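A.B. asks: Sending over a structure as structure tokens; questions will come in a sec.
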Amino acid sequence: MATPPVPYPEAGSDPSQYVRTREKGSRDVSYPAAPEPLAVPVYDNHAHLEIEDGVGLSLDEQLDRAGEVGVVGVVQAGGDIESSRWSAWAAASHPRVLAAVAIHPNEAPAYAAAGRLDEAIGVIDELAAQPRVRAIGETGLDFFRTDDDGRPAQFESFEAHIALAKKHGIAMQIHDRDAHDSVLETLERVGAPERTVFHCFSGDADMARIAGERGYWLSFAGNITFKNAQNLRDALAVIPRERILVETDAPFLTPTPHRGRPNAPYLIPVTVRFMSEELGLGIDELCAQIAANTVEVYGAFED
């Protein structure tokens with residue numbers, strides 16, 4: 001079960017002051033050297049820049065490092081009331097940031113147990129009305145970290161978030177872990193939003209074919225470079241190119257050869273170059289396609 005959410009400070013508190021810290025453990029928490037810049041700019045489709053890892057970088061430092069290597073925008077994703085408010089603040093304050101807001105499927109059971117799930121979804125509804133909030137996410141189903149008792153709350157939350165994406169006419173970013181069939185069934189039964197993205201896609205080629213047929217986008221993170229991730233490389237090979245996105249999921253899923261160290265948007269070029277080689281497609285062509293796909297899903301970053 002998810003741990004209970006920490007109550008957000010009283011109304012009027014400054015959301016910019018909200019910070020989470022990733023547990024360091026025995027990892028190397030130094031940031032990797034910057035990769036060679038991309039000639040054609042791209043965007044990071046999904047990151048959690050409110051989470052400090054290692055020495056920690058400010059939002060401005062994250063964005064500046066990214067810009068120096070050709071990553072010109074970031075979709076900052078929330079997973080609870082606090083991080084969603086931070087995400088909306090970041091997007092409203094920085095022209096290189098757009099926001100996704102949601103209650104993460106692993107948080108939904110805790111909110112429900114506290115009698116606060118409706119309240120939390122109401123906050124997401126309010127945030128989704130802001131002009132630079134361009135997605136509901138990350139929402140979905142996670143049967144890995146949440147046990148059977150928590151699944152009804154996950155389904156309730158997921159369906160409510162689908163309704164919010166449709167209500168506000170914005171995209172939806174899906175978190176799907178060990179729940180592929182249930183996620184696909186729910187989207188078919190309820191009706192998917194017009195722009196539906198599988199964040200950090202974790203399925204296989206068969207699922208990718210279904211997603212492509214239904215018009216969903218697949219976002220690939222640094223784990224596509226991992227040795228044991230052949231399923232992701234197989235999925236990349238079959239999804240139509242106009243449905244490909246790329247992300248960091250920073251500070252997690254740092255691509256090889258930096259696995260385990262802090263991840264950040266400036267490392268997107270490592271993942272994109274790997275994807276280019278897998279597809280046998282020129283890096284400039286792939287970057288141009290990914291950039292066009294990102295703008296199609298979320299709209300322009302700079303108004």
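A.B. asks: May I ask you to give the average projected area over all directions of the convex hull of the Cα atoms of segment 170-303, in nm² rounded to one decimal?
C.D. replies: Its average projected convex-hull area is 8.2 nm².
A.B. asks: With point charges of +1 on the Cβ of Lys and Arg and -1 on the Cβ of Asp and Glu, referenced to the Cα centre of the chain, which listed residue (M172, I162, H258) lies farthest in the positive direction of the dipole?
C.D. replies: Working it through, the farthest residue towards the positive pole turns out to be H258.
A.B. asks: Here's something else I'd like to know. For segment 252-259, just list the computed ³J(HN,Hα) in residue order, Karplus coefficients 6.51, -1.76 and 1.60, θ = phi - 60°, integers in Hz, with x standing in for Gly and Pro.
C.D. replies: 9, 6, 4, x, 4, x, 10, 3
A.B. asks: Within the accessible area of the chain, what % is carbon and sulfur when the probe is 1.4 Å and the other protein chains stay in place?
C.D. replies: So the carbon and sulfur contribution to the accessible surface is 49 percent.
A.B. asks: If you don't mind, another one. Principal axis extents for segment 91-205, Cα atoms only, whole Å, descending order, please.
C.D. replies: 40, 39, 23
A.B. asks: Could you go through segment 19-33 in sequence order and give the Karplus-derived ³J(HN,Hα) for each residue, using 6.51 cos²θ - 1.76 cosθ + 1.60 with θ = phi - 60°, rounded to whole Hz, and x for Gly and Pro?
C.D. replies: Whole-Hz 3J(HN,Hα) from phi for segment 19-33: 9, 10, 10, 7, 5, 7, x, 9, 5, 6, 9, 7, 6, x, 5.
A.B. asks: Also: For D181 and A300, calculate 0.36 nm times their separation in residues minus their Cα-Cα distance, and state this gained length in nm to one decimal.
C.D. replies: Residue separation times 0.36 nm, minus the Cα-Cα distance, leaves 39.6 nm.
A.B. asks: At Q17 and E126, where each label point lies 7 Å from the Cα along Cα→Cβ, what is the point-to-point distance in nanometres?
C.D. replies: 1.8
A.B. asks: How much area per residue is accessible in segment 148-234 when the probe is 1.4 Å and only protein heavy atoms are counted (Å²)?
C.D. replies: 41
A.B. asks: Which is the longest part of the chain that has none of the chymotrypsin sites (Phe, Trp or Tyr not before Pro) sitting in a DSSP loop with at most 15 other Cβ atoms within 10 Å?
C.D. replies: In short, 1-143.
A.B. asks: Counting helices only, and only those DSSP H runs with n ≥ 4, report the 222 nm mean residue ellipticity of the chain as the sum of -39,500 (n - 2.57) divided by its residues, in deg cm²/dmol to the nearest 500.
C.D. replies: Per the formula, -12000 deg cm²/dmol.
A.B. asks: So, one more: Return the equivalent ellipsoid semi-axes of the chain as a descending list in whole Å, where each equals the square root of 5 times an eigenvalue of the C-alpha gyration tensor.
C.D. replies: 27, 23, 19
A.B. asks: Debye calculation, C-alpha points only, no solvent: report log10 I(q)/I(0) for segment 145-224 at q = 0.16, 0.20, 0.21, 0.26 Å⁻¹, in the same order as the q values.
C.D. replies: After summing over all Cα pairs, the log10 values are -0.60, -0.93, -1.02, -1.42.
The values are calculated or read from the model by the stated rules, or taken from the named source; none is laboratory data. As the structure is a computational prediction, the values presented were derived from the model and not from experiment. FYI the Cβ positions are ideal-geometry reconstructions off the backbone, even for glycines, and counts take in every protein chain you see. Heavy atoms of the whole protein, side chains included, go into the accessibility calculation; ligands, DNA and RNA do not. Shrake-Rupley method; radii C 1.70, N 1.55, O 1.52, S 1.80 Å.
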